[in-house]
Amino acid sequence: MNNPFADESNPFSDDAVNQALSSSASPMGVGGYALPSDQSKHTTINMAASNNASSSAGASNPDWRAKEEELRRREEELRAREENVQTQEAALRAHGLHPPNWPPFYPLVFHDIESEVPAASRPITTKIYKYWLFTVAVLFANMIACLAILISHSTTTGGSDFGNALISMVTITAISFFSWYRPVYTAFSKDASLFFYIFLLFEGLHILYASYMTIGLPGTGAAGIINLLSVLSDGKYLSAAFCVIATAGWIANALFGFWIWVEVNTHVKRGGHSLDSARAQAVQMGVLGSAAAVV
């Protein structure tokens with residue numbers, strides 16, 4: 001009996017079948033695996049983009065190298081400048097000179113009690129420095145009190161009081177620092193007779209000034225006793241409170257200043273300082289100054 005499923009004909013021998021199979025074959029990918037046509041297109045695009053990125057990165061590398069070299073050069077210049085400044089500061093210190101460090105917001109002078117003043121004289125030098133700071137605080141309180149007088153007595157001498165108090169706060173702050181605090185700082189750091197006597201002279205004048213401000217004459221910029229009584233008589237109690245603070249500050253400033261004056265004077269006498277030694281130092285400084293000017 002014949003097998004009905006037996007087909008002795010070979011279907012692949014038909015040219016039409018072979019042509020259809022060859023035309024429907026999928027494109028081959030890497031390693032013999034078939035890839036869809038869309039994926040083949042994306043792969044081609046990504047490879048092209050990668051090549052473009054690589055070429056652009058290669059082109060920009062010289063720019064980055066140039067910038068890096070510029071930054072390195074500037075860093076070396078800054079390091080060299082810093083080393084130069086440190087060398088100059090060391091040379092100044094070796095000759096007894098120091099770069100300014102005070103006041104911190106705008107350095108004008110070098111000020112360091114711990115490093116320049118001997119240990120035995122540091123307590124009194126620190127005390128005088130705090131006294132000078134207290135003087136600045138009293139000047140500020142006096143200006144605020146005169147401002148209160150101006151607000152409460154604008155038709156009298158309030159304007160003159162406030163204007164003079166404002167000027168005094170600026171000028172007396174600078175004058176007191178350079179006329180009596182700086183000299184006594186130098187005197188204790190160098191044990192110089194000349195600067196001790198400069199302090200005694202100008203601190204004595206400052207004590208007289210603080211006593212004068214305590215009186216409080218109207219129109220002088222002093223919120224002292226007379227101005228205090230004036231605002232009290234007019235019932236301006238807030239202004240009077242500010243005047244009380246200023247008056248008390250001037251009294252304390254004068255008394256504390258006199259105490260410091262006596263203490264420094266005692267130190268001068270015990271240390272063997274005299275007007276003759278101060279005069280000799282002044283002559284020596286004048287000769288050195290003239291020689292320096294000639295050079």
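Please go through segment 254-273 and pick out each residue that is small (Gly, Ala, Ser) and in contact with a Ser or Thr (Cβ under 7 Å, 6 or more places away or on another chain). Hit for segment 254-273 is ALA254, nothing else.
Among the candidates ALA141, ALA145, single out the residue that is closer than 20 Å to ILE245 by Cβ, in a helix (DSSP H, G or I) and over 26 Å from the mean Cα position of the chain (by Cα).
Values: ALA141 fails: over 26 Å from the mean Cα position of the chain (by Cα).
Criteria check complete, one pass: ALA145.
Against the criterion of being assigned to a loop (DSSP other than H, G, I, E, B) and polar (S, T, N, Q), THR247 does not qualify. Filtered by the rule that a residue be among the aliphatic types (A, V, I, L, M) and either in contact (Cβ under 8 Å) with a residue 40 or more places away in the chain or open to solvent by 30 Å² or more (accessible area, probe 1.4 Å) (or both), segment 128-142 gives ILE128, LEU133, VAL136, ALA137, VAL138, ALA141.
To keep it simple, each residue is scored yes or no on (1) open to solvent by less than 70 Å² (accessible area, probe 1.4 Å); (2) among the small types (Gly, Ala, Ser); (3) more than 15 Å from ILE124 (Cβ to Cβ); (4) modelled with pLDDT of 95 or more.
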position	(1), (2), (3), (4)
PHE177	yes, no, yes, yes
TRP180	yes, no, no, yes
TYR185	yes, no, no, yes
SER230	yes, yes, yes, no
ALA248	yes, yes, yes, yes
ILE251	no, no, yes, yes
ILE260	yes, no, no, yes
HIS273	yes, no, no, no
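Take the conditions at negative phi, more than 34 Å from the chain's Cα centre (by Cα) and part of a helix (DSSP H, G or I) and apply them to SER230. Does it pass?
yes
Within segment 194-204, the set of residues being aromatic (Phe, Trp, Tyr) and open to solvent by less than 20 Å² (accessible area, probe 1.4 Å) comprises PHE196, PHE199. For SER121, the stated conditions do not hold, so it cannot be described as surrounded by 13 or more Cβ atoms within 10 Å (Cβ to Cβ), touching a Gly at 6+ places or on another chain (Cβ under 8 Å), part of a helix (DSSP H, G or I) and touching a residue at least 12 places away in the same chain (Cβ under 8 Å).
Restricting ASP191, ASP161 to those that are in contact with a His (Cβ under 9 Å, 6 or more places away or on another chain) and open to solvent by 10 Å² or more (accessible area, probe 1.4 Å) reduces the list to ASP191.
The values are calculated or read from the model by the stated rules, or taken from the named source; none is laboratory data. None of the values given here were measured: they were computed from a predicted structure. We place every Cβ from the backbone using ideal geometry, glycine too, and count neighbours over all the protein chains shown. Please note that ligands, DNA and RNA were not included when accessible areas were found on the heavy atoms of the full protein model with its side chains. Shrake-Rupley method; radii C 1.70, N 1.55, O 1.52, S 1.80 Å.
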